[in-house]
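In what follows, a structure is listed as structure tokens, so that the remarks can point back to it.
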Amino acid sequence: MSLTSLVPLIGIADVVIGLSLGSRLFLIAVGLSLIFGVLGVLNFAHGGFYMLGAYVTLAVVSNVVDNFWIAVVVGALAVGVVGAAIEFSAIRRLYNRVDSDLDQLIVTFGFVLVIHEAVRFIWGSGSYSIDPPDVFNFSVTLGGSTFNAYRLVVIGLAVGVLVALWLFITRTYFGSLVRGTSSDREMAAMLGVDVPRLYTGVFFLGSVLAGLGGALSAPLQATSPALGDQVIIDAFIVVVIGGLGSMSGAFVGAMLIGMMQSLGPQFISAGSIAIPFLAMVIVLLIRPEGLFGGIGE
Amino acid sequence: MSATDTGGRVSRFGSAVAEGWTRERFGLLGAVALVLIALAPPFQVYLFTDFLVVALFALGFNLLYGYTGLLSFGHGLFYAGGAYGIAIVLRDLGPVIADIVGAGISPLVTFVLGGVVGLVLVVLVAVPVGWLSVRLEEIYFALITLAFGMLGYSLIIQDPAGLTNGTDGVIVLLGTVDLGGFSLRIGGRRIYYAISAVTVVAATYGVWRVVNSPFGTVCKAIRESPDRAAALGIDVGHHRWMTFIVSAAVVGIAGVLRAGLASVASPGLTHWSTSAIAVIATVIGGATYFYGPIVGAFIFLYIRWAISRFPALEAYWELFFGALLIAVVLFFKQGAVGGLLLLRDRLFGDGDGDGGGGGGGGALNGGQASTAADDGAESGDDNARADRGDNS
């Protein structure tokens, strides 16, 4: 297959789909990365948070208010509350342990099981889907290929979240507390930062982002209890490639993986789903701090 | 908990041995129990075989987690490696072997050869994977093993080499040995149980010997303090690598047995959620004890079975294990074996204020005390680990 015959295969729709997949991955990965960067906790339950966000949004839209955007906000905030409760009740007990990293990983894995089963208990094992909000539910045709306009909204919102987070971390007082605490917890505590409360706040924020990712993706995918298990692996790949704790890394990594998921199968038929894992292994071996920037921003 | 507490516990264990409960008697009792189980109803025999296989899986996993402090979320790769090794040999080499050794005995020869191939395959995979993985520590090790496991998973389901039959997996037919009037169905519940029991007991003994060998002592030294071990001239990376390979090999044997028990080698074995079973069993049983993973596997399978008796709860058994996992890590790091030892001390101890740190209260009290020790300083952790070493 020559290069010229490859080019027409990549339609604009594929690129848009890849970027929208990347956007949902960014929203889950940036929360994961933020929590790791500040608290040092690798939250295995983050995929569960994403799934929960999608379910709450679906439930609100179909049972409470027929407004997608209100449901998205409710979904994201509800997940934030669940996340903060988990941090407050369980994870904070482990910060001072000798093997705290592994204990945190195991406890958050325990919450993976709990959230998964709770979701199945409440909503059953079937899968749900909803339409994108009416305003954006139309097809766009660009360069001969067609995609749903809502995908562009998701991409735009992901970029918006990246910018807002960046401004929040670099320009606000709370952001400077977060930065200070992530680089030296003891010193921040000594200077009067209420570290436990800040940690709960960061965990809340990270969980809200995961919930937002799930909520916004609800119209783009089938929402089922298996969703959490799938996206957490993708999110791990993204944060490893981007660098655990790096926000811009999460963005670049997420878009990379999104494009890979969208375009990969067209280039390599066999073994294409292995490539992200291979990339994860290689990055961990060569640059464990990630390809883009180090711990921090 | 203090160092003297652990010392006391171990010495009482020692005195129990002196009173006539020798290791031989324990062994004999165990052997009698294993034989009696073979006479149980078929489903119970199956359940117990399942327990033995998961126990070996968790035991192999814990060589790495409990003994060297490396948490792998990718041991499903080696579990599947063993399973696919034997499954592919049975599928592709059965007729060839029948031509060589004769049809009557060929199922047994194929089964044994398949098991050996499965084990060799696992070691061949574990050598490079381990070499690369042990360069990383803590969550980075967990992440790279997760990545290797999922890499294996995706290769198995996409099957670029045409060996693994994609998402359907490879059917495992064990066949019947036929020697004149004497015939033996290898896959029969009781026969397969006997094979599994002998294999698992032998493998467990092997692991026990490794743990208590000079090699095991080096592992423990590395676990306590990699820096101090390195200062003593121990090649830390090399020993971690070797432990990784031994751990994978043990898990590979469990995988071989799994294939025969489930009659299929399926890609799900490689998925991280299968690797997590070893984590759940080990943590619940008590990673700081040699027998912890075995007790944990017992709890895992039998509680799951008990839950399945109640149709309303059956579908949600994972909820129970999730909650149990959280509770054990948060409040009772010693797991079930720690709890049992504490209980034994309370029932049979000589009442010198041991176990839970000052007596009084139930197991929970002891759990909090030991958690506090974990929380506090390294000494608490050392204490728990020294305990494991002596009890193994």
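Which members of the stretch A:85-96 meet the condition of being of a type outside the set (A, V, I, L, M), part of a helix (DSSP H, G or I) and open to solvent by 10 Å² or more (accessible area, probe 1.4 Å)?
A:F88, A:S89, A:R92, A:R93
Which numbered condition trips up A:S246, out of (1) open to solvent by 40 Å² or more (accessible area, probe 1.4 Å); (2) more than 14 Å from every other protein chain (Cβ to nearest Cβ); (3) at pLDDT below 85; (4) under 17 Å from the mean Cα position of the chain (by Cα)?
All conditions are met except number (1).
Being polar (S, T, N, Q) and not in a helix (DSSP H, G or I) is the filter here, so list the residues in the stretch B:142-166 that pass it.
Correct list: B:T164, B:N165.
With respect to B:S275, is the statement that it is away from chain A (no Cβ under 14 Å) and in contact (Cβ under 8 Å) with a residue 60 or more places away in the chain true?
Against the criterion (away from chain A (no Cβ under 14 Å) and in contact (Cβ under 8 Å) with a residue 60 or more places away in the chain), B:S275 does not qualify.
Tally the residues that are in a helix (DSSP H, G or I) and either touching a residue at least 40 places away in the same chain (Cβ under 8 Å) or open to solvent by less than 40 Å² (accessible area, probe 1.4 Å) (or both), restricting the search to the stretch B:218-238.
Narrowing the stretch B:218-238 to residues in a helix (DSSP H, G or I): B:218-224, B:226-231, B:236-238.
Subset that is either touching a residue at least 40 places away in the same chain (Cβ under 8 Å) or open to solvent by less than 40 Å² (accessible area, probe 1.4 Å) (or both): B:218-224, B:229, B:236-237.
So the count comes out to 10.
Restrict the check to the stretch B:172-188 and report whether at least one residue is of a type in the set (A, V, I, L, M, F, W, C), crowded, with 16+ Cβ neighbours inside 10 Å and within 28 Å of A:L244 (Cα to Cα).
No.
Tally time: how many residues in the stretch B:55-87 are assigned to a helix (DSSP H, G or I) and in contact with a Leu (Cβ under 6 Å, 6 or more places away or on another chain)? Before you say what the answer is, go through the steps one by one.
The first filter runs over the stretch B:55-87 and keeps only residues assigned to a helix (DSSP H, G or I), leaving B:55-68, B:76-87.
Adding the requirement that they be in contact with a Leu (Cβ under 6 Å, 6 or more places away or on another chain) leaves B:64-65, B:76, B:79-81, B:83, B:85.
Residues that pass the stated criteria total 8.
Please specify each residue of the stretch B:157-175 satisfying the condition of being of a type outside the set (D, E, K, R) and more than 10 Å from chain A (Cβ to nearest Cβ).
The answer is B:L163, B:T164, B:N165, B:G166, B:T167, B:G169, B:V170, B:I171, B:V172, B:L173, B:L174, B:G175.
Among the residues of the stretch B:239-270, how many are outside any helix (DSSP H, G or I) and surrounded by 20 or more Cβ atoms within 10 Å (Cβ to Cβ)?
2
Restricting to the stretch B:136-145, give me the number of residues that are within 7 Å of chain A (Cβ to nearest Cβ) and within 15 Å of B:F244 (Cα to Cα).
4
Look at A:V107 and say whether it is surrounded by fewer than 24 Cβ atoms within 10 Å (Cβ to Cβ) and at negative phi. Reasoning before the result, please.
Values: surrounded by fewer than 24 Cβ atoms within 10 Å (Cβ to Cβ): no; at negative phi: yes.
For A:V107, the condition - surrounded by fewer than 24 Cβ atoms within 10 Å (Cβ to Cβ) and at negative phi - is not met.
Is it the case, given these coordinates, that B:L47 is surrounded by fewer than 15 Cβ atoms within 10 Å (Cβ to Cβ) and modelled with pLDDT of 75 or more? Walk me through how you get there before you give the answer.
Numbers: surrounded by fewer than 15 Cβ atoms within 10 Å (Cβ to Cβ): no; modelled with pLDDT of 75 or more: yes.
For B:L47, the condition - surrounded by fewer than 15 Cβ atoms within 10 Å (Cβ to Cβ) and modelled with pLDDT of 75 or more - is not met.
Tell me which residues, restricted to the stretch B:304-317, are open to solvent by less than 50 Å² (accessible area, probe 1.4 Å) and either among the hydroxyl-bearing types (S, T, Y) or within 13 Å of another protein chain (Cβ to nearest Cβ) (or both). Please lay out each step first, then the result.
Initial filter on the stretch B:304-317 (open to solvent by less than 50 Å² (accessible area, probe 1.4 Å)): B:306-308, B:315.
Result: B:I307, B:S308, B:A315.
Take the stretch B:88-141 and flag every residue that is open to solvent by 50 Å² or more (accessible area, probe 1.4 Å) and not in a helix (DSSP H, G or I).
Within the stretch B:88-141, B:A103, B:I105, B:R135, B:E137 meet the criteria.
Here is a yes/no grid of residues against (1) surrounded by fewer than 24 Cβ atoms within 10 Å (Cβ to Cβ); (2) among the small types (G, A, S); (3) within 13 Å of chain B (Cβ to nearest Cβ); (4) part of a helix (DSSP H, G or I):
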| position | (1), (2), (3), (4) |
| --- | --- |
| A:G48 | no, yes, yes, yes |
| A:V60 | yes, no, no, yes |
| A:D66 | yes, no, no, no |
| A:W69 | yes, no, no, yes |
| A:G83 | no, yes, no, yes |
| A:V98 | yes, no, yes, no |
| A:D101 | yes, no, yes, yes |
| A:E117 | yes, no, yes, yes |
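Can you name every residue in the stretch A:119-152 that is under 20 Å from A:Y50 (Cα atoms), open to solvent by less than 30 Å² (accessible area, probe 1.4 Å) and without any contact (Cβ under 8 Å) to a residue 24 or more places away in the chain?
Selection gives A:G124 alone.
Determine if the stretch B:209-216 includes at least one residue that is under 30 Å from B:L93 (Cβ atoms) and either open to solvent by 70 Å² or more (accessible area, probe 1.4 Å) or in contact with a helix residue (DSSP H, G or I) (Cβ under 7 Å, 6 or more places away or on another chain) (or both).
No: the stretch B:209-216 contains no residue that is under 30 Å from B:L93 (Cβ atoms) and either open to solvent by 70 Å² or more (accessible area, probe 1.4 Å) or in contact with a helix residue (DSSP H, G or I) (Cβ under 7 Å, 6 or more places away or on another chain) (or both).
Among the candidates B:G285, B:G296, B:G322, single out the residue that is over 20 Å from B:G255 (Cα atoms), open to solvent by less than 10 Å² (accessible area, probe 1.4 Å) and more than 11 Å from chain A (Cβ to nearest Cβ).
Residue meeting the stated conditions: B:G285.
For the stretch A:69-106, what are the residues that are within 16 Å of the chain's Cα centre (by Cα) and of a type outside the set (A, V, I, L, M)?
A:G75, A:G80, A:G83
Under 30 Å from B:L325 (Cα atoms) and either away from chain B (no Cβ under 14 Å) or out of contact with any Ser or Thr (no Cβ under 6 Å at 6 or more places or on another chain) (or both): which single residue out of A:I122, A:I169 fits that description?
A:I122
Restricting the stretch B:167-183 to residues that are among the β-branched types (V, I, T) and assigned to a strand (DSSP E or B), which is farthest from B:P267 (Cα to Cα)?
B:V177
Here are the criteria: (1) touching a residue at least 12 places away in the same chain (Cβ under 8 Å); (2) assigned to a helix (DSSP H, G or I); (3) surrounded by fewer than 18 Cβ atoms within 10 Å (Cβ to Cβ). Tell me which single one A:V163 does not satisfy.
(1)
What do you reckon, is A:A254 within 14 Å of chain B (Cβ to nearest Cβ), within 26 Å of A:W69 (Cα to Cα), small (G, A, S) and assigned to a helix (DSSP H, G or I)?
no
Looking at the stretch B:91-99, is at least one residue within 14 Å of chain A (Cβ to nearest Cβ) and closer than 19 Å to B:G252 by Cα?
Among the residues of the stretch B:91-99, not one is within 14 Å of chain A (Cβ to nearest Cβ) and closer than 19 Å to B:G252 by Cα, which makes the answer no.
Output the qualifying pairs, or none if there are none: Cβ atoms under 8 angstrom, residues six or more apart or on different chains, first residue in the stretch A:167-196 and without any contact (Cβ under 8 Å) to a residue 24 or more places away in the chain, second residue not in a helix (DSSP H, G or I).
Listed pairs, sorted by first residue: A:L177/A:V193; A:G180/A:L191; A:G180/A:V193.
The values are calculated or read from the model by the stated rules, or taken from the named source; none is laboratory data. Since the structure is predicted, the reported quantities are computational estimates derived from the model, not experimental observations. Note: ideal-geometry Cβ built from the backbone for every residue, glycine included; neighbour counts use all protein chains shown. What goes into the accessible areas is simple: the full protein's heavy atoms, side chains included, and nothing from ligands, DNA or RNA. Shrake-Rupley method; radii C 1.70, N 1.55, O 1.52, S 1.80 Å.
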